[in-house]
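Right, one structure below, let's go through it.
Laboratory data are not the source of any read-out in this text; all were calculated from the coordinates shown. Quick caveat, the model's predicted, so the values are computed rather than measured. All Cβ positions, glycine included, derive from the backbone under ideal geometry; neighbour counts span all protein chains shown.
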């Protein structure tokens, strides 16, 4: 009983101070976490590619996915994968002949579209090509900090980094290059965007073909990093692939 | 201020009643959830195969992984994947010629080793072949309920179900077949265990070879279900693969 009273007093302190500092949500707002159980299952299944193809985030997962993206766990998850990549990259014997290569995707790998997807209810609304094009044309995608650090480390270690993106070369090429440059992505070997000739192809087909050309040019693809399975599937995928989290959209 | 007072009163009620009913942990025990953030990142990375190969669950994740396995989310996650599988299977045009096939793994796919891994700190302790063999020899692995339902539905829909497992045929064949039978896995087309000749091969090589033989016999592999990426990688993997959750161990 004494313990119980002590606990209640602790609770009152907690309630007053947590609200005063604004650091911790009061416990009665935490019910949201319990009701996220179905969305945790959806998110895990989506991340391991059990759900493909999916068009939108389930409507009832709006707040759970929003909390994941903005509450810190998404950033934690990104950083953890980057640490795995760095640990692997550290053990690669770089030949020094200029043919040790890494492949990075661009959207939600190097630079973030979270600010755009916030408006689209974190993917609960279906893909809107015109709206996304307008957003991309602003060239205002911020760097994903952990991947920016990975990028710099890879280049510093002597790897050639290739950025391969399904973004349209003609309409988005210049703005994408400028956006990347502004965000610190400087010193990559080449950026490969989707040319007019590649427009009809699926992401897997397009990216496989681009990687095939690199391999034919003699590059050894040590690693391949993307937020979509379509970045990592197909052929010539590289010695290891790394799937970054992205519960907001699925690119077939 | 009035709202604050009302909140504090609500808190006191919550503290008294939650403890009385035992249904909800008091908020000050929920710190455990917050400190699971690094282990959530580890688990997601392990599930999407970013960590391979890993020998043990990180020691600091013991309680987080334990809570995941025993707290209901693991079962939720399994059931969600099974729902995805059923939804996909429902759309397959079964030819009725007896060659529409599914492949299921056995350990922690059809039947569960959670009771064994509890003793091994949910995988925080390294793989112990002798202890695992003793456990398997008991033939006491319970069915994973959602997968047992999937199994029955697939057979009822006219599919031929093949169970492919890395378990040693000579020492564990009979006990595994009996364990499966007792747990309701009745009516499968064939169970394929690892024969003496296959002992040196990796799981990917062994399972690829077994699937190759099925494909050469004319089977169409519509789906392939396992808790390990080594169940789902290699060749002849099937039209779709489904990764069940398993944060306790990694089979290379």
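Which residue fluctuates most in the GNM of chain A (Cα springs below 10 Å): A:114, A:225, A:175? Answer for the Gaussian network model of chain A: A:175. Structure remark: mean-square fluctuation, Gaussian network model of chain A, C-alpha springs under 10 Å; the largest value among A:205, A:125, A:216 belongs to A:216. Here each label is just a point 7 Å from Cα along the line to Cβ, and for residue A:189 and residue B:197 those points are 4.3 nm apart.
Nearest-5 percent of antiparallel DSSP beta bridges in chain B? The antiparallel proportion sits near 5 percent. Rounded to the nearest 10 degrees, the angle from helix B:145-156 to the longest Cα principal axis of chain B is 30 degrees. Rounded to the nearest 10 degrees, the angle from helix A:73-90 to the longest Cα principal axis of chain A is 40 degrees.
Rounded to the nearest 10 degrees, the inclination of helix B:37-47 to the longest alpha-carbon principal axis of chain B is 10 degrees.
Among A:103, B:92, rank each residue by its count of other Cβ atoms within 10 Å, from fewest to most, as a rough exposure measure. Spell out each step's value before the answer.
Values: A:103 28, B:92 18.
Arranged by neighbour count, lowest to highest, A:103, B:92 become B:92, A:103.
Inter-copy label distances at residue B:119, shortest first and taken from points set 7 Å along Cα to Cβ: 5.9 nm.
Each copy carries residue A:96; placing its label point 7 Å along the C-beta direction from Cα gives inter-copy distances of 7.0 nm, listed from smallest up. Annotation for residue A:205, label-to-label distances across the other copies: 3.6 nm (shortest first, one decimal, point 7 Å from Cα along Cα→Cβ). Structure remark: mean-square fluctuation, Gaussian network model of chain A, C-alpha springs under 10 Å; the largest value among A:98, A:173, A:139 belongs to A:98. Mind giving me the nanometre distance, one decimal, between the label points for residue A:52 and residue A:97, set 7 Å out from Cα along Cα→Cβ? Result: 3.3 nm between the two label points. In this calculation the C-beta distance from residue B:127 to residue B:175 is compared with R0 = 22 Å, giving a FRET efficiency of 0.65. Restricting attention to the protein assembly as shown, close to 5% of DSSP beta bridges with both partner residues there are antiparallel.
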